Amino acid sequence: MSIIRDAAAIAKGMSITLKEAFQPTEVENYPDGKGPMRGAQFQERFRGKHELQRDENGLEKCVACFLCAAACPSNCIYIEAAENTETTRISSADRYAKVYNIDYNRCIFCGYCVEACPTDAITHGHGFELASLNATSLVMRKEDLLVSPSKLAGTVQSKKDEAAVLA
Ligand code: SF4
Ligand code: SF4
């Protein structure tokens, strides 16, 4: 009986394989497609390259609490904190991330850093073209991750703060 059952299972599996073998092939026309995505398509929930977000005033949301680095199972987030001063304000809290690096040689895109962040400062963007033969270029710095102030509608930010941010 077991031989008959096994043969039936194999026949069922092979029938599915043969049926699928003659279906039209669906492929993404990447990178030769049209538009900025060059033919690539992905779901909204796709976890791509991280983005460091700003608040409605253009200040950085990251307050250098290190919770994302602590949650990261790959130990690929490196942060150096600094204090805001009366003359130079980068975030709305006492501290900001003077250095914020993510090593994409090690990141597994698990999203734990995003979940751990109390200020929604770090999110996953949709950037996906990260492959490189140069491992050094896969260590992204804050300047590579921070969203541009110009992306915010109605941003209220002094030229001095913006210059400090982009320095
Ligand atoms: S996505 Fe995961 S592995 Fe990548 S930086 Fe965040 S916590 Fe670390
Ligand atoms: S990104 Fe979020 S969790 Fe990480 S240091 Fe900044 S505020 Fe803290």
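I need the full set of residues from region 1-50 which are under 26 Å from Cys76 (Cβ atoms) and open to solvent by less than 60 Å² (accessible area, probe 1.4 Å), in order please.
Passing the criteria: Ala40, Gly48, Lys49, His50.
Return yes when Glu80 is open to solvent by less than 80 Å² (accessible area, probe 1.4 Å), more than 16 Å from ligand 1 (Cβ to nearest atom), closer than 29 Å to Val139 by Cβ and of a type in the set (Asp, Glu) and no when it is not.
On the way: open to solvent by less than 80 Å² (accessible area, probe 1.4 Å): yes; more than 16 Å from ligand 1 (Cβ to nearest atom): yes; closer than 29 Å to Val139 by Cβ: yes; of a type in the set (Asp, Glu): yes.
Criteria met by Glu80.
Filter region 115-129 for residues that are farther than 12 Å from Ala64 by Cβ and under 9 Å from the mean Cα position of the chain (by Cα); which is nearest to ligand 2 (Cβ to nearest atom)?
Taking the candidates together, the pick is Thr123.
Here is a yes/no grid of residues against (1) of a type in the set (Lys, Arg); (2) surrounded by fewer than 15 Cβ atoms within 10 Å (Cβ to Cβ):
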{"site": "Phe66", "(1), (2)": "no, yes"}
{"site": "Ala70", "(1), (2)": "no, yes"}
{"site": "Asn75", "(1), (2)": "no, yes"}
{"site": "Arg89", "(1), (2)": "yes, no"}
{"site": "Ala93", "(1), (2)": "no, no"}
{"site": "Tyr104", "(1), (2)": "no, no"}
{"site": "His124", "(1), (2)": "no, no"}
{"site": "Leu133", "(1), (2)": "no, yes"}
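Please return the ranges of strands (runs of 3 or more DSSP E) entirely within region 1-110 where 2 or more residues are among the aliphatic types (A, V, I, L, M) and under 23 Å from Ser150 (Cβ atoms).
On the way: elements: 50-52, 77-83, 95-103.
Hits in region 1-110: 95-103.
Give all pairs with beta carbons closer than 6 Å in which a residue from region 83-108 that is within 25 Å of Ala131 (Cβ to Cβ) meets a residue that is within 11 Å of ligand 1 (Cβ to nearest atom) and open to solvent by 90 Å² or more (accessible area, probe 1.4 Å); count only pairs at least 6 apart in sequence or on separate chains.
Hits for this filter: Asn101/Tyr78.
Cys113 passes all but one of (1) open to solvent by less than 50 Å² (accessible area, probe 1.4 Å); (2) more than 23 Å from Arg54 (Cβ to Cβ); which number fails?
Failed condition: (2).
Conditions: (1) open to solvent by 60 Å² or more (accessible area, probe 1.4 Å); (2) at pLDDT below 95. Pro149 meets all but one. Number of the miss?
Status for Pro149: all satisfied but (1).
Just need a number here: residues in region 124-155 that are within 16 Å of Leu59 (Cβ to Cβ) and of a type in the set (Ser, Thr, Tyr).
Residues meeting the conditions: 3.
The values are calculated or read from the model by the stated rules, or taken from the named source; none is laboratory data. Everything quoted here is computed from the prediction, not taken from an experiment. Reconstructed Cβ throughout: ideal geometry from the backbone, glycine too, with neighbour counts over all protein chains shown. Heads up: the accessible areas ignore ligands, DNA and RNA and are worked out on the full protein's heavy atoms, side chains in. Shrake-Rupley method; radii C 1.70, N 1.55, O 1.52, S 1.80 Å.
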